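Report on one structure; see the data block that follows.
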Amino acid sequence: MKGGLVGVGITILMLMVTAFVGYAAGTLTAADILNRMNSAVDGLDDLNAVISVRTYKDGAVSLMQQMRLTLKQPDKMRLEYLEPEYLAGNVTLIVGGKMWMYIAAIDKWFEKDLVKLSPAEQPWLMFRNILHGVRSMLDDYTFTRIEEEGNTYHIRGLPASDAAVYGRIDLWVDPETFVPVRRILYDANENLLVDARFLDATAVADGVTLPLRIETYNGDGELANVISYVKIMVNSSVPDDLFNPPDKSNG
């Protein structure tokens with residue numbers, strides 16, 4: 001009899017815990033979801049990867065590129081072009097809010113205005129969202145949670161400041177890993193600009209999951225870019241000198 005009571009007690013406790021977890025997940029606000037997204041990469045100190053970028057035009061591949069992507073917390077990013085041959089050796093370097101580009105063919109650095117670049121124009125900029133010490137494009141929006149129809153969280157961002165580049169952002173997030181699975185950008189007139197799909201979510205470090213393939217579609221629904229990891233290493237103690245800014249005398 002005593003064992004039966006214990007069994008019933010455990011069952012009731014499990015039901016209570018399950019109900020609590022379900023209730024807690026169901027009451028997450030948009031701010032909670034964004035915070036969980038940021039926390040989801042807390043275990044990633046650095047990333048060293050080779051990525052491929054395929055650009056499409058009229059349904060066919062118009063350009064294939066390979067780049068070495070290096071990230072280091074809290075605010076450093078380096079992108080070195082490997083292929084095609086005429087781009088090999090070119091480098092994009094971003095430290096904090098400053099950006100430089102090196103053109104190997106003329107052996108010269110140029111300083112660029114990072115603020116003017118949009119993820120819609122340079123899809124690899126999405127990788128910067130992994131870094132904690134950089135300003136996110138999401139900061140200029142007020143997000144609310146939308147009623148879900150599937151098994152993902154759906155939040156919507158509307159401009160909260162004049163710095164907002166887009167008229168609206170819709171973001172879908174996996175409820176277990178808090179990795180984004182889809183992001184749609186609209187202009188001020190509600191025209192769709194870019195639809196990004198984050199695929200092949202994979203655990204790359206303890207507690208860190210990343211999508212290893214990103215597909216972006218243009219406003220007409222046509223495939224524009226496919227970004228994929230070819231090789232990836234995380235927390236490999238990337239050296240700081242990879243991110244040394246160029247000598248101003250060479251810029």
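Would you say residue 177 is among the polar types (S, T, N, Q), part of a loop (DSSP other than H, G, I, E, B), touching a residue at least 40 places away in the same chain (Cβ under 8 Å) and surrounded by 12 or more Cβ atoms within 10 Å (Cβ to Cβ)?
yes
Step by step: first the residues of region 38-56, then only those that are acidic (Asp, Glu) and part of a loop (DSSP other than H, G, I, E, B), then the one that is nearest to residue 88 (Cα to Cα). Which residue is that?
Within region 38-56, the match that is nearest to residue 88 (Cα to Cα) is 45.
Among all residue pairs at least 6 apart or on different chains, which show Cβ distances below 6 Å where the first residue, located in region 188-203, is in contact (Cβ under 8 Å) with a residue 40 or more places away in the chain and the second is of a type in the set (A, V, I, L, M) and not in a strand (DSSP E or B)?
If the second residue must be of a type in the set (A, V, I, L, M) and not in a strand (DSSP E or B), the pairs left are 193/120; 194/120.
Taking region 34-62 as the search range and keeping residues that are of a type in the set (A, V, I, L, M) and without any contact (Cβ under 8 Å) to a residue 60 or more places away in the chain, which one is surrounded by the fewest Cβ atoms within 10 Å (Cβ to Cβ)?
60
Sort out which residues of region 140-197 are within 15 Å of residue 126 (Cβ to Cβ), out of contact with any helix residue (DSSP H, G or I) (no Cβ under 9 Å at 6 or more places or on another chain) and of a type outside the set (A, V, I, L, M, F, W, C), and write them in order of number.
182, 195, 197
Of all residues in region 93-141, how many are among the acidic types (Asp, Glu), within 26 Å of residue 193 (Cα to Cα) and not in a loop (DSSP other than H, G, I, E, B)?
So the count comes out to 2.
Looking only at residues in region 146-169 that are touching a Lys or Arg at 6+ places or on another chain (Cβ under 9 Å) and under 23 Å from residue 210 (Cα atoms), which one is surrounded by the fewest Cβ atoms within 10 Å (Cβ to Cβ)?
In this case the residue turns out to be 152.
Values in this text are rule-based calculations from the coordinates and carry no lab data. Computed from a prediction, not measured in an experiment: that's the story for all the values here. Quick reminder, even Gly has a Cβ in these numbers, built from the backbone with ideal geometry, and neighbours come from all protein chains shown.
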